[in-house]
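To start, the structure itself, in structure tokens.
Just so you know, all these numbers are worked out from the coordinates, no wet-lab data involved. Every value quoted in this text rests on a predicted model; they were computed, and no experiment measured them. Here the Cβ positions follow ideal geometry from the backbone for every residue, glycine too, while neighbour counts run over all protein chains shown.
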């Protein structure tokens, strides 16, 4: 039996229009005004918007490092995603050093398949570079992984400039895209040592050890190497005014550079690291929170189109028994924060409701442009005939208050505690099946791997 959503306003990057949407066999099969009601199940979306399911292009749902394992996993993290309208995530798959990319892919599939409540794919992390890894790049493409991740910080994963250069050449051959965590790892390591030796161990020294200039310098180096190769690249979680200026200069020279930022770099400030009772540890993430001037510059980048996408870098650790372990040494605080659940309401409230951005731009930032960038469009990211029926019925009048007590996310805090929001996902459909209603998951573990293919 088909399903007919009636009375809603369909929104895409190209505009909005009141249309009925008919769904059958996981796909959108018909759209139009006042479609005939057959034996369809009718969903009334009057006074609501119809958004394509949101896509989070940057998550760490099930990450284990030397300090801790994330409080979420693919079960709980994907439930948090769909609860508020995110129907697809692209997670960071990270191999164990010395192991193959193929083994990593198998591990991530084992963690996600039959457990995820949203659809999924991965960015494959390249934490080392050698002939065996090089040979696997084309194998990843053949298995539906078209994007890769590298790091310029963190000793266990950091690439040299030469390794970045060699990897870029191979990724260019297969038509893939590279995203890089851009911070100057060498200088950060030294600054951390200097602060600790001086007895400066509190969370407030985390941002001081990772100043704006070290992100901007790394991005400049990254884009210089990419320019030499001629590869279009992605800057993940860009956080500073200076970094955005570096990107603008590269684009002025003709480079293709995509920029992702995250809600925390638009809405939160580094003064939070000064909170008493070690509360500042809740906000330790890398890059760290920045100054209000950076918030303002990034919002302007969103408005002007210099920032293409907003994802979350969701990577959560409990405060009470994980982040607290860094008391006495800020470098031992597990870095990362929850975000996959709250992103749509936050950006709608802070962006759309304040008239910084339009609804059309909102859809691009959180869905359509992510789908296009990462080879999912038009299967994902748009409401049109033939696309997956990933649809969010959005009530623009619904108000809420973000709270750790009511969130689906499996974490004992939220960095947005007490934030008042306007607009909410009333109903969330994943490939035509309702998976969430009014912030509560009603159907679990139906997520599937989204095979991505390089555009010809």
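So residue 115 passes all but one of these: (1) in a loop (DSSP other than H, G, I, E, B); (2) under 29 Å from residue 259 (Cβ atoms); (3) within 21 Å of the chain's Cα centre (by Cα). Which condition number does it fail?
With respect to (1) in a loop (DSSP other than H, G, I, E, B); (2) under 29 Å from residue 259 (Cβ atoms); (3) within 21 Å of the chain's Cα centre (by Cα), residue 115 is out only on (2).
Can you pull out the residues in region 349-381 that are under 18 Å from the mean Cα position of the chain (by Cα) and assigned to a loop (DSSP other than H, G, I, E, B)?
374, 375, 376, 377, 380, 381
When region 256-285 is examined, which residues are found to be closer than 21 Å to residue 364 by Cβ and either touching a helix residue (DSSP H, G or I) at 6+ places or on another chain (Cβ under 7 Å) or part of a helix (DSSP H, G or I) (or both)?
257, 258, 259, 261, 263, 264, 265, 266, 267
Among residues belonging to region 84-104 that are in contact with a helix residue (DSSP H, G or I) (Cβ under 7 Å, 6 or more places away or on another chain) and assigned to a helix (DSSP H, G or I), point out the one that is nearest to residue 63 (Cα to Cα).
This residue is 101.
Residues 179, 144, 175: which one is surrounded by 18 or more Cβ atoms within 10 Å (Cβ to Cβ) and touching a residue at least 60 places away in the same chain (Cβ under 8 Å)?
Details: 144 fails: surrounded by 18 or more Cβ atoms within 10 Å (Cβ to Cβ); 175 fails: surrounded by 18 or more Cβ atoms within 10 Å (Cβ to Cβ).
From the options 179, 144, 175, the qualifying one is 179.
Output the residue which, of all residues in region 325-348 that are in a helix (DSSP H, G or I) and more than 22 Å from residue 287 (Cβ to Cβ), is nearest to the chain's Cα centre (by Cα).
Looking at the filtered set, the residue picked out is 344.
Answer with yes or no whether residue 288 is surrounded by 17 or more Cβ atoms within 10 Å (Cβ to Cβ), out of contact with any strand residue (DSSP E or B) (no Cβ under 7 Å at 6 or more places or on another chain) and part of a loop (DSSP other than H, G, I, E, B).
yes
Taking the criterion of being surrounded by 21 or more Cβ atoms within 10 Å (Cβ to Cβ) and in a strand (DSSP E or B), would at least one residue in region 394-412 satisfy it?
The answer is yes, given that some residue of region 394-412 is surrounded by 21 or more Cβ atoms within 10 Å (Cβ to Cβ) and in a strand (DSSP E or B).
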